[in-house]
Amino acid sequence: MGYSPQTITEQVIEDEVTQLDFNLIPLGLVAVSGHVVGSDLPAIGLENAIVEITGFENYEATTDENGDFVINDVYTNITYNIQISLDGYDNYAEEIIVGSTALDLGTITLNEIALPPGNVQAVQDPFGIEVALSWSSPGQGGGEFRYDDGEQDFLFGLNSTPPNAVFGAVHPNISIVEEIQWYLCSDYTAHNQVKLYLFGLDENGEPNTDVVLYESGFINNIDDEWNIHLLEEPIEAFEGFFMGVSTPNLYTAIGLDDGDGEPWEYQSGTQYLIEDWTTGGMWTVLDSYGPNYERNFMIRAYGINMGNTLPNDQVTKQKPDSAIMGSREFESFNVYRFYESQHNNPEDWELIAQEIGDTIYVDQSWVLLQNATYQFAIRSVYTNGVESISAFSQLITKTSASAGDLPQIETKLYTNFPNPFNPSTTITFSIANKNFRNVELNIYNLKGQRVKKINAGMLTSGQHSFVWNGTDDNDKAVSSGVYFYRLVINRNIIDTKRMLLLK
C-alpha cells in the first residue's frame, strides 16, 4: 500500500516529549498505457520494447505484438520517469505525471539508430578554387587515433615511479574504440605487465578522471615492440577520449617519436601525463618539460571515428551496432558547410548537397566564398528522412581573394592528402595548357604493377582533384603498403609521387 506524504510543522521543546500525529492518506491506483512505434515504420507497432516507470515505485512492462503496453496499479498523484528501450532504437525518456485517473500516453515514437559516416577529410586545392571531401560509409571501422610516426626516438617516465601514473594522448573525436596499441622501452627496466586506461574529456578537452570509460587489469607486455590489446566490448566515447598506459611502481619508459614531419608534427595539448589519476589531481602537458619533449607518446587506438565532438546538448547519442545496421535501409548522404563560429548551431548550416550516394564530393562553389574559416559536416540519411548525427571535417581556411584573382597555373602533380591515409586520399594536379587531352592518373604497387587507372579524359586548364578509396580496377580493396601515383598527359609522364595506405 502506498500513502500520500504529509509534512507537519511543530515546535520541539528541550527536555519535553513532543508527539506528532500523521494521518497518511492511501494513494489511489490507476493504469498507465501507451502505443510504441518506430520512426522507420510508424504505422507498425514495436513488439518487445521494454517500458520502465521509476520514482515513488518502480514498474516494468513489455509491449505486445501490436506495440501496446498497459501497466496497472500505478500510484496516483505522483511524478515519475518513464524510459522505453528496444535494440536498434534510441532510448525514449520523459517525465510523466500520473493523476487520479488512468493515463494514456498515446503513440510514442522511438527514433531508429542512424549511424553517421566517419573519417571525414576535406582538402582545399592549392589555388583555393574547390574543396574535395571524402568519408567512410556508416558503421565501417578504419578509424585510427594516433599522433606518433611509428619511429621510437626517445622515451619518457617518472623517476618517482608512482603506482598510479598514466601517460597518453587525448582525441577529441566522437568515437567507438575497439583496440589499443602501445610501445614501451627496456632501457631502464623490464615491463612484463601494464595497465591501460580510457578516460573521457572535460569541457576543455583535457582528460577527465571522473569519467572512466575503461580500466584494464594487468596485461602482458613485451618491451621494444608494439603491443596490441583488443577490447572485449567496443567502448563508446561520444565526448572524445584519453588513452593511457601505466606501469605501477616502475619507470614507464614509454616510447616517443621525434615530433617532426607531416602529418606527425607535435601538437601542443595532445600529450598528457599524471602522477596519480586516483586523486583527481592536475594533468601535465608533455611539452611543459621543455622543447626536447615536443614529441608524441607511442600509443594508439583503433575503431570508428565519427568526427570531432559537439557539446552534449547539441546531439542525440547514437549506439552503432553492425547487426542492427543489417536491417536498416541507408539512402544517401547530406553535405553541410558552415563558418567555424556556427559549429554548434546546425540551424545556420548551409546544405550544399543532398541525396549523395557516393562517399566523395567536390565543393565547386568554394571559389565564390569570402575569405574565412569553414567546416563541413556529413550526415547519413535513412528511411523516412531520418538523419544521423554529424561527422565533421577539420577546419579549412579560405585565403584566395576571388575567382578572378588566381595565381599563375602550371602543370604539376601535388602531394596527396592525407598521407599516410585510411581509407581514402585526394590526389590533386594542375594543368596549364587547356589543349591537353588524354589525361591519366595511374596508381602502382611496389612491384610496379598498375592497380588503378583513372581516365580523366580531356581537361581544361586549372586544378583538378580525384579521390582514391584504396580499391583496384575491379573495385576490390588493396592491401596496406606503399603505392605510387603517376600523372600522364598526352602519353608524357609529368611526375610520380609516393603514398602510404594504412589499415
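None of the figures in this text is laboratory data; all of them are computed from the coordinates on show. Only a predicted model underlies this, so the values are computations on that prediction, with no experimental measurement involved. Here the Cβ is made from the backbone with ideal geometry for all residues, glycine too, and neighbour counts use every protein chain on show.
A few points about this structure:
- At full extension, A102 and Q342 could sit 81.8 nm farther apart than now, given 0.36 nm per residue minus the alpha carbon distance.
- Dipole of the chain computed with +1 at Lys/Arg Cβ and -1 at Asp/Glu Cβ about the Cα centre; of P418, P26, S393, farthest Cα towards the positive end is P418.
- Over every Cα atom in the chain, the radius of gyration and the widest Cα-Cα span, Dmax, amount to 28.8, 108 Å.
- The calculated P(r) of segment 143-308, using every Cα pair and 5 Å bins from 0, goes 2, 9, 20, 24, 23, 16, 5, 1 in percent.
- Calculated FRET efficiency, L158 to T109, Cβ-Cβ distance, R0 = 56 Å: about 0.55 to the nearest 0.05.
- Put a dot 7 Å past the Cα of N384, heading toward its Cβ, do the same for A372, and the two dots end up 3.6 nm apart.
- Distance between the modelled labels on F22 and Y188, one decimal in nanometres: 6.2 nm (7 Å Cα→Cβ projection).
- Legend: translational diffusion of segment 3-110 by Stokes-Einstein, Rh = Kirkwood radius over C-alpha pairs, 20 °C, 1.002 mPa s; D = 135 µm²/s.
- Extension gain for the segment E225 to N77, taken as residue separation times 0.36 nm less the Cα-Cα distance, is 46.8 nm to one decimal.
- Summed side-chain charge close to A132 - residues other than A132 whose Cβ falls under 15 Å, Lys, Arg +1, Asp, Glu -1: -2
- For the chain, with +1 on Lys and Arg beta carbons and -1 on Asp and Glu, the positive-most of N111, G481, G38 along the dipole: G481
- Take the convex hull of the alpha carbons in segment 412-501; its mean projected area over all directions comes to 5.2 nm².
- Inter-label distance for V482 and A43, nm, one decimal - labels placed 7 Å from Cα along Cα-to-Cβ: 6.0 nm
- Segment 39-175 - Kirkwood radius from inverse mean 1/r over Cα pairs (Å): 20.8 Å
- Given +1 at the Cβ of Lys and Arg, -1 at the Cβ of Asp and Glu and no other charges, the dipole of the chain around its Cα centre is 3400 debye to the nearest 20.
- Placing a label point 7 Å from the Cα of N433 along the Cα-to-Cβ direction, the residues of segment 453-495 with a backbone N closer than 19 Å are 456-464, 487-495.
- In this structure, the residue pairs whose Cα-Cα separation is over 22 Å, taken from K398/K452; K412/K497; K412/K447; K453/K497; K412/K476, are K398/K452; K412/K447; K412/K476.
- Percent of Cα pairs in segment 131-213 per distance bin of 10 Å, from zero to the largest separation: 11, 38, 35, 12, 4, 0.
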